[in-house]
Structures are given as structure tokens and as C-alpha cells.
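**Student:** Would you mind keeping the following structure in view while I ask a few things?
Taken together, the values in this text are just the output of simple stated rules run on the coordinates, not laboratory data. Computed from a predicted structure; not experimentally measured. Counting neighbours? That spans all protein chains shown, and the Cβs are built from the backbone with ideal geometry, glycine included.
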Amino acid sequence: MKRRTWGPRRTFIVLGLALASMTLFVAQFLKTGEDSAQPVILAIRQYRESRGFYPDSLDDVIKEGLLSSIPYIPSSVFCIRGQLDYFSDRDLDFFCLDFYEQPSFGGLGPARAETRAFVSFDGIWKSDSESSMIDFPHPLGLAMQCAGQRFLKSRARADLELFVKKAIEYSTSTGSYPGIIRKVEIIDVLGNGEIVEVDETPCLCYSSSELVDPARFCFLTTEGSKLFGVYSTQVAAIFRFDLSASPGEWREIFRSNE
């Protein structure tokens, strides 16, 4: 009788099944983490209902008697345990709760860590791989997104000015990537905008809805340095239209550190 050999096809099948099993395991782990965090989200919302603002820390929720302790995300031999982190922004009235998970393949070695975050103005769980932010969930990056969503609803001058302010703050405080705002981060929040020429250079332009003296900002984008091995289109400068000048002119208010 001819002996069967372990061919490449069987090898690929086994590897495929192993990969599928690991994917299902990670998905279940993430769901377990989200389920563990649900009582915390509920307590945070109850705190806001009674105080009128989100707590500054989870300790405030415990002191209020809405939580007995901060739960840890359950782990196993296949995953490194993540801890719940929290921050809030009173000015923009939102909070973020996040944790990380890192498959360890049964002790054989760590894989890429994945951050999962619940952001109140989105109302859903999202992973860092699903976000255009370089360092999701960065507090100032989320503040920029929240301000942008507020502007899209109101189209008000003050909200557009707040978005630009938060964008500049984010660009100068992004940890490993100081001075960077990527074009995709602007478009993901505000949409494509209109194309306006500033000094004969096409720029992305956004305007508020005021009939008299609306706020107008232009974003000059350019190919920047490589991020994760890929060239990224970045915001090189931000201009504001100044009607007080005669005639009106575009005035630079931000220049990146590239």
C-alpha cells in the first residue's frame, strides 16, 4: 500500500484552520472585553445624568457609588490582559473608554496589540485599525473629531473655529508624530470640502454658513514623510480668510514641523 504524504495542500488547510480559529478567538476576547466594560459605560452615563458632565476619572464614579471597583478585562494563556483606560473632555462633552489586547499564541510570542475604544459621540466600539488617526484614541485627536461633528450639524462660525483650534492642538501634541495632521483625518470628519487656490496653490476649503463674514479656512496638503512605510498626504499649512484686509486675503495661521 502506498503511503500518503503530507503535501502542501494539507499544510495550507491546517494553517488556514489555525488562522481562522485564532481570528474567532480574538473576536471573542474583544467581545468579552466590551461586555466587561458595559457596566462602566452605564455608570459613566448615570454620573453625567446626575452631575451634568462626565466624570474626570473613574475614581469619581466609584466615589459616587455607581461602581464598586474598576473591572479588569479577562485574559487567558492566549492573550495578555488589557486594562481599562478613561478620559473625558468637559468642553466638548464626550468621554472615551478603551483597553488593549495582545494575542500571545499560547506563550509562543506576542502579536500586534490592538486597542479597542468606546467614544461617546460615536456610540460604538472601534479599533485602532479602523481609525484614520495615527495614534487612536488620542484625546486631542478625538476632540478634533468631536468639534468637526459639531460643526457639520451647526455649520456655525464658532464651531468651525473650534475645529481648527483642536486640529492645531492635536498636530502639535501627537506623541511620536508631532506637527502632523494628515489630509485623511480632515476629510474623514468634514468631507471633501471645496478646492480654492491660495497663492495659486489648490487647497481644501471649508466655510461656515453665516451670510455676513463667514469663517473660511483652507488646508494646504502635500506629500509628507513616510508613515509605516507609506507616503502620507499631510496638511502643510492652514490659512484663514481675513475680510478686515483690503482687499480680503488669506492669512497663514499654521505651518507644520515637517
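**Student:** Just tell me which aspartates and glutamates come within less than 16 Å, Cα to Cα, of Lys165; anything on the same chain fewer than 8 places away is out.
**Tutor:** Asp89, Asp91, Glu185, Glu252
**Student:** What is the packing order of peptides 40-47, 157-164, 56-63, taking the mean over residues of other C-beta atoms within 10 Å and listing the highest first?
**Tutor:** 157-164, 40-47, 56-63
**Student:** Highest mean first, what order results for 135-142, 194-201, 87-94 on Cβ atoms within 10 Å?
**Tutor:** 135-142, 87-94, 194-201
**Student:** Sticking with this structure for a sec: Taking a cut-off of 14 Å between Cα atoms, list the aspartates and glutamates near Lys183, but don't count ones fewer than 8 places away on the same chain.
**Tutor:** Glu194, Glu223
**Student:** Classify the stretch 148-255 from the C-alpha gyration tensor, please: rounded if a/c falls under 1.5, else prolate or oblate depending on whether a/b exceeds b/c.
**Tutor:** Prolate, because a/c is 1.5 or more and a/b exceeds b/c.
**Student:** What does the charge dipole of the stretch 148-255 about its Cα centre add up to, to the nearest 20 debye, if the Cβ of each Lys and Arg holds +1 and the Cβ of each Asp and Glu holds -1?
**Tutor:** Roughly 440 debye, rounded to the nearest 20.
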